[in-house]
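Just below is one structure, and these are the notes that go with it.
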Amino acid sequence: MAAKPRIEPFAVKDCALAAISTGRRAQNLRELRDHLQAVPVGCFHYHFWGGLLRPRFDDPEYNNDFASWVRHALHDARLAERLGILDPAEYADVEQLRRELVDIIEQRLDETEFLAWARRNQQFHFVRAQTVVFDTRKRLTHPAELADAVPALSLGSIYYHFIDARRRAPQGVDDFRAWLDHFGDEFRDLRDQIMAIDPYFITLRELRERLATLFRRQFSAGAPS
Amino acid sequence: MSALLQDYAAVVGEDVIDQLLQLAEPLKGKKVVHINSTRVGGGVAEILTKLVPLQRELGMDARWEIIPGQDEFYQCTKLFHNALQGRTAVLSESLKQAYEEANAQCAEEHRALLRDADVVFIHDPQPAALLPHIHDRKGKWIWRCHIDVSHPQRQIWRYLSGFVAGYDASVFSLADFAQMLPHSVYLIPPSIDPLSEKNRELPEKEIRETCELHRIDPDRPMMLQVSRFDRFKDPLGVVQAYYLAKKFIPALQLVLAGGGASDDPEGDAVLAEVQAAVKGDADAHVLFLPPDAHRTVNALQRAALFVLQKSVREGFGLTVAEALWKGKPVIGGNTGGIRLQVVNHHTGFLVDSPEGAALRIRYLLHHPDKLAEMGGKAREFVRDNFLITRQLREYLTLMVALVHGANGRLVLE
């Protein structure tokens, strides 16, 4: 019988994000579309995911800055809904996501008689994210260690392993599920429960708490592991 | 972990301090120099007072120097300050000369320090012209702009940007303020220090005594605005909102607390107008406080039921963060950095008129549960976003990226 392949420990990493202005601003939909065609890919990262790492309360209606701006500055609810439903994890790369955004906006421009303008102090500022990733040197060798480790993780670590991982990993999943997958069917239920967490509508602090609760429940004394 | 870091860990959590320690690892031993124009007074000095010791605790060789100057130098930099915030101003040749000479002298005085530093932070326009004098600099230079330059007077900005363009990066507080420059323009909002005199916890007795000293009834609802007597802060709009609300809530008290700047001739006139507007009203208190009355401000903010910052123009509004940190919802003017801190229905309300402010005042006074809920959210919002540890993290991120020459994503092994 062949020996089980050795499973690599879970390497706990952390990240910090800095916001960099591109100097590009849009005051109406046409300008938004034009800039979207030219801005660096880091802008999409920032405007789709970066919101979790900067000051804001989760807006239950919209999960990206484009939808939110279209709704609150241009007052176009229909377009905001179309943009708000976009899930960047569904696109193979940022260029496809960019194309989709531009298509949706162009379609709306075709439908619209008049161009709505945002007030001067409500322009859309294109910002790109700069991310520094670093190794905490912490290593987890068994999933049961997640129960104690996750509550102590920084919000940057939660972001890196749960959000950022989705665009890093080829299969587009978070690092926790990807690691648990190596243990075969043993943690299938746990993986499903992690998958059911929608990170768009909660803060990173809440996300950490939900993950911690899941792992605690799974690995508390007497629970099947 | 040092005692200082432990003090911060008790407020923000050990995970936050651990993250700072790890992020600072590649910067250990680096020579970091901050230069601004004063050691006391003003938000920049307040931040550096804590930021520099914290950088030292994280293993950096951090120093803080100031650029000295004579009258003409300060006249020139005051003119910059006003013009960058949109006021019309003409820069004479003699002022320009005084500015450039002060920078040349400062560069001479600190030549070795500036040449050998790994990272130099130049704060605001006063020392911005140091850079061209250090031809053989070894490190990265960052220009940190703390003021609202969203609509600068163009000639003055053109003159200053001639110096700033040569830096390796610049930092603005908000995207609205960012200007086009030929290097990376970082966006880092300012922060407050939870352990300072202005923000630390106070005994209930001291809060009560402060109220009694200023003849404020601690048992009746009190709302507060802390700001200079400046038209941009709209104190008269606050008085108007107070009277509109007081018709419905007769027990309401108003405190307008602040100081003035000796170089602001308009301050006295605004103060006189405010005093006239509340004349004869024992429930409206106009307090002219000295610039170091941090504990009094702290006590008043804690005594208030909620806080107003009804500015019509505002850079960031640190008084908003201070109030939110004390669990007080803020009714704020819909402008500048207030919009970053006041999230409608979560941490307070944004308003565009005295009438709007009056409506929100009445709402908060009639919904004590909502007021308490918003206060709790406000404190957590500041804990996550506007404490000095967050600003330090972003500075470290910027420094690590610059030192490693990274433009997008940097993975440290």
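For the stretch B:236-246, the criterion of being part of a loop (DSSP other than H, G, I, E, B) and not hydrophobic (A, V, I, L, M, F, W, C) is satisfied by no residue at all. Against the conditions (1) buried (at least 22 other Cβ atoms within 10 Å of the Cβ); (2) assigned to a loop (DSSP other than H, G, I, E, B); (3) out of contact with any Gly (no Cβ under 7 Å at 6 or more places or on another chain), B:Trp141 satisfies every one except (2). Filtered by the rule that a residue be buried (at least 23 other Cβ atoms within 10 Å of the Cβ) and either in contact with a Leu (Cβ under 7 Å, 6 or more places away or on another chain) or at pLDDT 95 or above (or both), the stretch A:37-49 gives a lone residue, A:Phe44. When every residue of the stretch B:66-81 is checked against the conditions, none turns out to be more than 26 Å from the chain's Cα centre (by Cα), within 19 Å of B:Val52 (Cα to Cα) and in contact (Cβ under 8 Å) with a residue 12 or more places away in the chain.
The condition of being of a type outside the set (Lys, Arg) and in contact with a Ser or Thr (Cβ under 6 Å, 6 or more places away or on another chain) holds for only one of B:Gln391, B:Gln341, that being B:Gln391. Please verify whether B:Glu380 is within 14 Å of chain A (Cβ to nearest Cβ), surrounded by fewer than 23 Cβ atoms within 10 Å (Cβ to Cβ), among the charged types (D, E, K, R) and out of contact with any helix residue (DSSP H, G or I) (no Cβ under 6 Å at 6 or more places or on another chain), treating the condition exactly as stated. Answer is yes for this residue.
Filtering B:Pro189, B:Pro127 for residues that are crowded, with 20+ Cβ neighbours inside 10 Å, in contact (Cβ under 8 Å) with a residue 24 or more places away in the chain and in contact with a strand residue (DSSP E or B) (Cβ under 7 Å, 6 or more places away or on another chain) leaves a single hit, B:Pro127.
Within the stretch A:160-188, the set of residues being touching a residue at least 12 places away in the same chain (Cβ under 8 Å) and among the charged types (D, E, K, R) comprises A:Asp164, A:Arg166, A:Arg167, A:Asp174, A:Asp175, A:Arg177, A:Glu186.
Looking only at the stretch B:177-216, count how many residues are more than 16 Å from the chain's Cα centre (by Cα) and within 13 Å of chain A (Cβ to nearest Cβ). Total satisfying the criteria: 9. If I filter the stretch A:63-79 for residues that are out of contact with any helix residue (DSSP H, G or I) (no Cβ under 7 Å at 6 or more places or on another chain), modelled with pLDDT of 90 or more and of a type in the set (Asp, Glu), do I get at least one hit? For the stretch A:63-79, residues out of contact with any helix residue (DSSP H, G or I) (no Cβ under 7 Å at 6 or more places or on another chain), modelled with pLDDT of 90 or more and of a type in the set (Asp, Glu): absent. Looking only at the stretch B:218-258, residues that are β-branched (Val, Ile, Thr) and touching a Ser or Thr at 6+ places or on another chain (Cβ under 7 Å) come to 1 in all. Return the total of residues in the stretch B:59-69 being more than 17 Å from B:Val40 (Cα to Cα) and either surrounded by fewer than 17 Cβ atoms within 10 Å (Cβ to Cβ) or of a type in the set (Phe, Trp, Tyr) (or both). The number of residues fulfilling the criteria is 2. A:Leu146 satisfies every condition listed in (1) more than 14 Å from chain B (Cβ to nearest Cβ); (2) farther than 23 Å from B:Glu25 by Cα; (3) surrounded by fewer than 16 Cβ atoms within 10 Å (Cβ to Cβ) except (3).
Rundown of residues vs (1) modelled with pLDDT under 95; (2) in contact with a His (Cβ under 6 Å, 6 or more places away or on another chain), yes/no style:
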position: B:Arg137; (1), (2): no, no
position: B:Ile142; (1), (2): no, no
position: B:His146; (1), (2): yes, no
position: B:Ser150; (1), (2): yes, no
position: B:Val164; (1), (2): no, no
position: B:Ala175; (1), (2): yes, yes
position: B:Ala178; (1), (2): yes, no
position: B:Val185; (1), (2): no, no
position: B:Pro190; (1), (2): yes, no
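When A:Arg6 is tested against the conditions (1) over 24 Å from A:Phe162 (Cβ atoms); (2) in contact (Cβ under 8 Å) with a residue 40 or more places away in the chain, the lone failure is (2). Outside the structural domain of A:Phe48 (by TED's automatic domain parsing), more than 22 Å from A:Glu90 (Cα to Cα) and modelled with pLDDT of 90 or more, is that true of A:Pro224? The answer is no for A:Pro224. Selection within the stretch B:165-176: residues that are part of a loop (DSSP other than H, G, I, E, B) and under 12 Å from B:Arg144 (Cβ atoms). The member of this set that is farthest from the other protein chains (Cβ to nearest Cβ) is B:Tyr167.
The sole residue among B:Leu398, B:Leu308, B:Leu392 that is over 16 Å from the mean Cα position of the chain (by Cα), touching a residue at least 60 places away in the same chain (Cβ under 8 Å), crowded, with 21+ Cβ neighbours inside 10 Å and not assigned by TED's automatic domain parsing to the domain that holds B:Ala241 is B:Leu398. So which of B:Val32, B:Val12 is within 14 Å of chain A (Cβ to nearest Cβ) and in contact with a helix residue (DSSP H, G or I) (Cβ under 8 Å, 6 or more places away or on another chain)? The match here is B:Val12.
B:Val411 passes every criterion in (1) more than 11 Å from chain A (Cβ to nearest Cβ); (2) β-branched (Val, Ile, Thr); (3) surrounded by fewer than 17 Cβ atoms within 10 Å (Cβ to Cβ); (4) part of a strand (DSSP E or B) apart from (1).
The values are calculated or read from the model by the stated rules, or taken from the named source; none is laboratory data. Keep in mind that what you see is a predicted model, and the values were worked out from it rather than measured. Quick reminder, even Gly has a Cβ in these numbers, built from the backbone with ideal geometry, and neighbours come from all protein chains shown.
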